[in-house]
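Input: a single structure, listed below in structure tokens.
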Amino acid sequence: MWHELWTLAARAARVPRRAHLDHFVATELPIRLCTFQRSRAPAPNSGTTIFALSSGQGRCGIAVIRTSGPASGYALGILTAPRDLPPARKASLRLLSDPRSGEPLDRALVLWFPGPQSFTGEDCVEFHVHGGPAVVSGVLQALGSVPGLRPAEAGEFTRRAFTHGKLNLTEVEGLADLIHAETEAQRRQALRQLDGELGHLYGGWAETLTKALAHVEAYIDFGEDDNLEEGVLEQVDSEVQALEVALRTHLGDARRGQRLRSGAHVVVTGPPNAGKSSLVNLLSRKPVSIVSPEPGTTRDVLETPVDLAGFPVLLSDTAGLREGVGPVEQEGVRRALERLEQADLILAMLDACDLASPSSRNFLDMVVASTGAQNPSKSSQRLLLVLNKSDLLPPGSPSLIPDLPPHLLLSCLTGEGLDRLLEMLRKELVAVCGDPSTGPPLLTRARHQHHLQGCLNSLSHYKESKDLALAAEALRVARGHLTRLTGGGGTEEILNIIFRDFCVGK
């Protein structure tokens, strides 16, 4: 390679006149270099061709089967022979036949996507067939008989899109989250990440460090010359400081993005017979917990995933907080207190008709007064105080207790006050998980947090370095962490972990 490059340069040096030399460098040399690079580049459609069912399993109206790889066009031609390939990216109705027996399989819509204008960057075909199991099985078997085709592995289509530069790693993760999204908030967050917002943010930071590193290395090489502008290192220090502030802000979002992706932990707690189990059943819209007038019915933590006001939530029903009458209930109380320590949001429930009882007053002092805004040491936890059984209160009753904290009235029996509670829950969950519709993109994965923290640590080493060579190395390490976020320099093990969560056909 280098021998041929030096040959081109030597030919340029032998041009007798300066004008001819300038012309050669400006026109012919770039053309020859591009030709040289193209001759050394791998063929864009090299490798095997894969196929898989990309829609869901089971009987359905339409099933989508797709291929990706150099033999895609050949497979389409052989299944629709003797017809020519359809126009690119336009649906065409074709009769599919088994290439071995010629037996008709289905009349289907086919789409031809020649690379690189496709999802994977390779030649791709989509077969939109009728969704009966026999039809799908027949088409898959026919594709399997075509030379050069093999069944796809889990996530292989997306991995090829990543390999061909169609998606960076944060966009791949956003696509995986979009496929697994179960709530409106998760869908919005995943779509923003798939659209590249997080990747653009990290890419901009990496570009900042690239410039800073170039300036520091230029100062090391040419610092004694007069060709460098004044204040180069001061400018680098300023840019690094601004980036450090941005990184700390992004990392200091209290894990909101990860909660939005995996679910916030909401714990319902209170004295016995306050209506905790009734509220859990009401919010989950199914009979999760046993409801009984007998105190101490719930003796363990019952958890259920819930779509709550558009946010993913793990809802926990806990034992009533009191001095248990037996070892089993005591263990239930211990587990309830343990869950309270882990909660992102606490729904504290009291009986609106029993606020003056010792159990209610003890609960107010032990849980409500020591959580959230009442206690700065637990400011990361949120709390909503709910007074149940409001239907039993006399009409127009005065304030229940003068010093009662802010609260909501609810009747789990009639549903009165539920809409107000759901609205307050939505506001609290926005604070806990972040609003995926507005603001900067959220940090969503532990992998991101690891590399961002590594980048921040390297920037601290840069600030502490007295030697410019060590400072440059710190910037280089920091930049490496950012590039690995979007896929540059990622190890095979990390890539395997990311892509293994995709289903076959994606």
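The values are calculated or read from the model by the stated rules, or taken from the named source; none is laboratory data. Predicted model, so just to flag it, every value in this text is computed and none were measured. When we count neighbours, we look across all protein chains shown, and the Cβ atoms used for this are built from the backbone with ideal geometry, even at glycine. Protein only, heavy atoms only, side chains kept; ligands, DNA and RNA dropped before computing areas. Shrake-Rupley method; radii C 1.70, N 1.55, O 1.52, S 1.80 Å.
Over the residues of segment 409-464, compute the C-alpha Rg and express it relative to 2.2 N^0.38 Å. Working shown, then result.
On the way: Rg = 20.0 Å, N = 56, 2.2 N^0.38 = 10.2 Å.
Dividing the Cα radius of gyration by 2.2 N^0.38 Å gives 1.97.
At R0 = 25 Å, how high is the FRET efficiency between Glu182 and Lys427 if r is their beta carbon distance? Nearest 0.05 is fine.
Numbers: r = 21 Å, r/R0 = 0.84.
Computed FRET efficiency for Glu182 and Lys427: 0.75.
Among the protein heavy atoms of segment 116-184, carbon and sulfur supply 56% of the accessible surface, probe 1.4 Å, non-protein parts ignored.
With a sphere of radius 13 Å drawn around the Cβ of Arg256, what net charge do the other residues whose Cβ falls strictly inside it have (Lys, Arg +1; Asp, Glu -1)? Let's see the in-between values first.
On the way: positive: Arg255, Arg259, Arg261, Arg382, Arg445; negative: Asp253, Asp344, Glu428, Asp435.
Charge balance in the 13 Å sphere: +1.
Over segment 81-187, the fraction of Cα-Cα pairs per 5 Å bin, rounded to whole percents and listed from the shortest bin up, is 2, 10, 15, 19, 19, 16, 11, 5, 2, 0, 0.
With q set to 0.10, 0.16, 0.17, 0.20 Å⁻¹, the log10 of I(q)/I(0) for segment 146-249, from the Debye formula over equal scatterers at the Cα positions, is -0.51, -0.84, -0.88, -1.01.
Take segment 132-265 with all the other protein chains still there, run a 1.4 Å probe, and you get 50 Å² of accessible area per residue.
On a 32 Å Cα-Cα criterion, which of the cross-link pairs Lys166/Lys427; Lys286/Lys427; Lys166/Lys286; Lys166/Lys463; Lys211/Lys466 come out too long? Each step should come with its number before you reach the end.
Values: Lys166/Lys427 37 Å; Lys286/Lys427 24 Å; Lys166/Lys286 43 Å; Lys166/Lys463 37 Å; Lys211/Lys466 20 Å.
Table pairs above 32 Å Cα-Cα are Lys166/Lys427; Lys166/Lys286; Lys166/Lys463.
Relative to the current alpha-carbon distance between Glu331 and Asn362, full extension at 0.36 nm per residue lengthens the span by 9.2 nm.
Near Ala88, within a Cβ-to-Cβ distance under 13 Å, what is the net charge of the other residues, with Lys and Arg +1 and Asp and Glu -1?
Numbers: positive: Arg89, Lys90; negative: Asp84, Asp123, Glu126.
Every neighbour counted, the sum reads -1.
How much length is gained if the chain between Ala81 and Ala246 is pulled fully straight, taking 0.36 nm per residue apart and subtracting their Cα-Cα distance, in nm to one decimal? Result: 53.6 nm gained on full extension. Its convex hull of Cα atoms gives segment 111-157 a direction-averaged projected area, equal to a quarter of the hull surface, of 3.9 nm².
With a sphere of radius 15 Å drawn around the Cβ of Gly165, what net charge do the other residues whose Cβ falls strictly inside it have (Lys, Arg +1; Asp, Glu -1)?
For residues surrounding Gly165, the net value is +1.
Geometric descriptor of segment 150-203, per residue, is 69 Å³ (volume of the convex hull of the Cα atoms).
By accessible area, using a 1.4 Å probe on protein heavy atoms only, segment 410-487 has 53% of its surface on carbon and sulfur.
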